[in-house]
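Asker: Sharing a structure with you now.
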Amino acid sequence: MTDGTPFETILFSIDGKVATITLNRPDVLNAFVERMHLDIHAALDRAVAAGVRAVVLTGAGRAFSAGQDLKALDQDDHGRIDIEGLLERTYHETLRRLRSPDYVTIAAVNGVAAGASCNIALACDIVIAGKSAQFVEAFARIGLIPDAGGTWVLPRLIGRARALGMILTTDPIDAETARDWGMIWQVAQDEALMETAAAMAQKLAAGPGLAYGMAKRAIDASIDNDFETQLKLEACFQQKAADSKDFAEGVKAFTEKRRPSFKNL
Ligand code: LHQ
């Protein structure tokens, strides 16, 4: 287990090919400040440099995260908050990195995930929630619209009716409902959440990273592509996958009736 110099707002550890980022401002339910984004970006840089293939994102204490820290929003001389600039400087880069083809991301949602943090969790590749977790599109309570990719990811996960229902009512959605709606992958008992997420991360970290990265890109591209375009893209990516050493190893392992040892090559 290595972690290097500590960060101000997150805990960070690396165990083999798995990194864990724990949002760590529990007194304010891990609400996001700019520093937290910068810490996540630096942690992911370290993870990539260390050859990490799977990243677990979770929260310290009783919440995953309550979204933007509403008490840490700077106003200019006219009382205006530059939310657009803040989103572009911080959240957007965090979201891009969570959807990177270079590794898989697993959100381990250990309590409430509200506002921007609900959407950050849902941007991850696999979402596992503790039984007591809640997903809250809380924005309209304070007169905002969903940001952090929520208006893109939510309708794609659960359709317009449920997406708008969550956004307009701001009703919390419990973990089992989220799973039944297809919004998340799995619900775990609260006490087994981290163990379940770690097991998933170890399994995916041992998988064919190149194929995973292209599968992520193909799924995202499918949203805008027509069928013929998507078939072409699949064939192109599949050729790249088939040219990889991991494919040769996968077929060899199959014929030898053993587990493949993927090298991400
Ligand atoms: C908080 C927060 C918080 C600061 C709890 N900030 N302190 C907007 C602007 C700019 C760019 C990016 O994007 C966005 C989008 C957003 O994310 S806007 C924020 C959206 N989030 C919310 O509106 C959620 C606000 N929080 C809540 O509604 C509640 O705290 C929830 C429902 C999450 C949990 O309720 P409780 O379990 O009852 O906890 P609590 O309310 O007592 O909170 C515990 C402490 O955490 C408390 O501090 P205190 O000093 O009184 O003990 C809260 O003030 C603090 N806290 N959320 N977002």
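Asker: For the Cα atoms of the chain, what angle does the longest principal axis make with the long axis of helix 34-49, in degrees from 0 to 90, nearest 10?
Answerer: Roughly 10 degrees, rounded to the nearest 10.
Asker: Now, a different point. Can you list residues from other chains, or at least 5 along the same chain, whose modelled amide H is less than 5 Å from the amide H of residue 170?
Answerer: So residue 170 has HN proximity to no qualifying residue.
Asker: Please give the charge dipole size of the chain, origin at the Cα centre, charges +1 on K and R Cβ atoms and -1 on D and E Cβ atoms. Round to the nearest 20 debye.
Answerer: The dipole magnitude comes to about 1000 debye.
Asker: Under 13 Å from the 7 Å Cα→Cβ point of residue 203, by amide nitrogen: which residues of the stretch 123-161?
Answerer: 126-128
Asker: Calculate, for residue 224 and residue 248, the FRET efficiency according to 1/(1 + (r/R0)^6) with r their C-beta to C-beta distance and R0 30 Å; round to the nearest 0.05.
Answerer: E between residue 224 and residue 248, to the nearest 0.05, is 0.35.
Asker: Here is a follow-up. Counting pairs of alpha carbon atoms under 8 Å apart in space and at least six apart in sequence, what relative contact order in percent does the chain give?
Answerer: Result for the chain is 15 percent.
Asker: Here's something else I'd like to know. Output the peptides 83-94, 102-113 sorted from most to least packed, where packing is the average of other Cβ atoms within 10 Å over each peptide's residues.
Answerer: In descending order of packing, they fall as 102-113, 83-94.
Asker: Once a ≥ b ≥ c are taken as the square roots of the eigenvalues of the Cα gyration tensor of the chain, is the result rounded (a/c under 1.5), prolate (a/b larger than b/c) or oblate (a/b not larger than b/c)?
Answerer: prolate
Asker: Roughly how many nanometres apart are two label points built 7 Å out from the Cα toward the Cβ at residue 152 and residue 186?
Answerer: Rounded to a tenth, the inter-label distance reads 2.7 nm.
Asker: Turning to a different aspect of this structure: According to the square roots a ≥ b ≥ c of the eigenvalues of the Cα gyration tensor, what is the shape class of the stretch 12-86, taking rounded for a/c under 1.5, prolate for a/b larger than b/c otherwise, and oblate for the remainder?
Answerer: Because a/c hits 1.5 or more and a/b fails to exceed b/c, the stretch 12-86 counts as oblate.
Asker: If you don't mind, there's one more thing I want to ask. Write out the trypsin sites (Lys or Arg not before Pro) in the stretch 1-83 meeting two conditions: DSSP loop, and at most 16 other Cβ atoms within 10 Å of their Cβ.
Answerer: In loop regions of the stretch 1-83 (DSSP not H, G, I, E or B), the sparsely surrounded trypsin sites (Lys or Arg not before Pro) are 62, 71, 80.
Asker: Round to the nearest 0.05 the FRET efficiency obtained for residue 93 and residue 176 when R0 = 30 Å and r is the Cβ-Cβ distance.
Answerer: The pair residue 93/residue 176 has a calculated efficiency of 0.40.
Asker: While we're on this one: Output the 0 to 90 degree angle, nearest 10, between the alpha-carbon long axis of helix 245-255 and the longest principal axis computed from the alpha carbons of the chain.
Answerer: With both axes taken from Cα atoms, the answer is about 60 degrees.
Asker: Right, here's the next one. Taking the 0 to 90 degree range and rounding to the nearest ten, how far is the long axis of helix 193-205 tilted relative to the main principal axis of the chain, both from C-alpha atoms?
Answerer: 40 degrees
Asker: Also, I was wondering about something else. Along its three principal axes, how long is the stretch 1-144 when you only count alpha carbons? Whole Å, largest extent first please.
Answerer: So the three principal-axis extents are 49, 34, 28 Å.
Bear in mind that the values in this text are calculations on the coordinates, not laboratory data. This is a predicted model, so every value here is computed, not measured. For neighbour counting, all protein chains shown are included, and Cβ atoms are generated from backbone atoms with ideal geometry for every residue, glycine included.
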